[in-house]
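Working notes, beginning with the structure itself.
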Amino acid sequence: MELTHSWSRAVPGGSLAVLAELGGRFELRETRNAAAILAATAPEEFGELCAVLTAFTLGTVDLIEAGGNESKLAARLNTDLRARGWREGRVDTVVRSVLQVQPWAPAGEHEIVERTDEVRNEGYKVDNVKGRVALDVEWNAKDGNLDRDIGAYRSLYDAGLIDGAVLLTRTHDDLRDLARRLSRAAGQTDEQVRSRFSTSTTTHLGKLESRMTRGDAGGCPLLAVAISARCFVPDDGAVPVRWSGDREDQPVLEGWAG
């Protein structure tokens, strides 16, 4: 499936223009013009997403401390959304079967007799739902979570319950290198430094983009927003990262010689 770039056609001053500006700090990907669709059909929710992203920064602790089941970074983003009315949701499937036994007049029967059976299958949870938008935060979880999330979006969209979805994740190489530099500067051991984003089985943009381009979300418009090293702000508030050349270049911390 071909990726689209609807934010590139943003009108100055519009909500899509805000997202386009955020592309200076985040990596953006989408299918089926997801950003434009969400901005048009869910302007309140789209505006809240942009507000959360605008206020977001990466700190040293986000990159050098190991997280638990829900990292502090993911919890922080989810809390910001909860404060704006977003809530956790779950996708369940209910199958109801009805058997209608027809009456037979010669026997004096006049009413249809119904027998019903209902089977409920508990489905996947979605981190955040508001209105007709679903949103998950996958900072550094097992990459299988992406299949769960996208499967939930597809089911919700096919059932007519959402108009689109957003997946917040991270980039890989630039954050790994930055995290290792920060860990080394913090005096961590070589083993701790090497462990920063070392596994290839966790969620990041590369894992997500491959699922998007093969069409795993079906007809559901999907917007991916990846936190990059350009979101990093040092604890002293100084200018965080100097970039040279294209956006794909590796980040260089000001004053870093190691």
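The values are calculated or read from the model by the stated rules, or taken from the named source; none is laboratory data. Just so we're clear, the structure is a prediction, and the values are computed from it rather than from any experiment. Backbone-built Cβ (ideal geometry, glycine too); neighbour counts: all protein chains shown. The protein model used for the area step is the full one, side chains on, heavy atoms only, and it has no ligands, DNA or RNA in it. Shrake-Rupley method; radii C 1.70, N 1.55, O 1.52, S 1.80 Å.
Points to keep in mind about this one:
- Taking the Cα centre of the chain as reference, the dipole from Cβ charges on Lys and Arg (+1) and Asp and Glu (-1) amounts to some 380 debye.
- A quarter of the convex hull surface defined by the alpha-carbon atoms of the stretch 73-131 gives 6.1 nm² as the mean projection.
- A dipole drawn for the chain from +1 and -1 charges on Cβ atoms has a positive end, and of Thr4, Val18, Gly85 the residue lying farthest that way is Val18.
- Percent of alpha-carbon pairs separated by more than 25 Å within the stretch 115-242: 39
- Antiparallel bridges, percent of DSSP beta bridges restricted to the stretch 36-182 (to nearest 5): 75
- Dividing the radius of gyration of the alpha carbons in the stretch 1-150 by their Kirkwood radius gives 1.21 for Rg/Rh.
- Principal axis box of the chain, alpha-carbon based, largest edge first, Å: 97, 46, 34
- Peptides ranked, highest mean first, by Cβ atoms within 10 Å: ranges 86-97, 138-149: 138-149, 86-97
- DSSP beta bridge pairing in the chain, given as percent antiparallel to the nearest 5: 65
- Accessible surface for the chain, divided over its residues, is 52 Å² per residue with a 1.4 Å probe.
- Listed by chain and number, the lysines placed with their C-alpha closer than 18 angstrom to that of Lys142 are Lys72, Lys125, Lys207; residues fewer than eight positions away on the same chain are left out.
- Backbone HN-Hα couplings from phi across the stretch 223-230 [Karplus 6.51/-1.76/1.60, Hz, Gly and Pro as x]: 9, 9, 10, 10, 5, 10, 5, 6
- Percent carbon-and-sulfur accessible area, the chain, ignoring ligands, DNA and RNA, probe 1.4 Å: 48
- Dipole check for the stretch 134-241: with +1 at the C-beta of Lys and Arg, -1 at the C-beta of Asp and Glu, and the Cα centre as origin, the magnitude is about 260 Debye.
- Each residue of the stretch 189-200 was assigned a 3J(HN,Hα) from its phi angle through the Karplus curve 6.51 cos²θ - 1.76 cosθ + 1.60 (θ = phi - 60°); the sequence is 6, 4, 5, 5, 5, 5, 6, 5, 6, 7, 7, 9 Hz, with glycine and proline shown as x.
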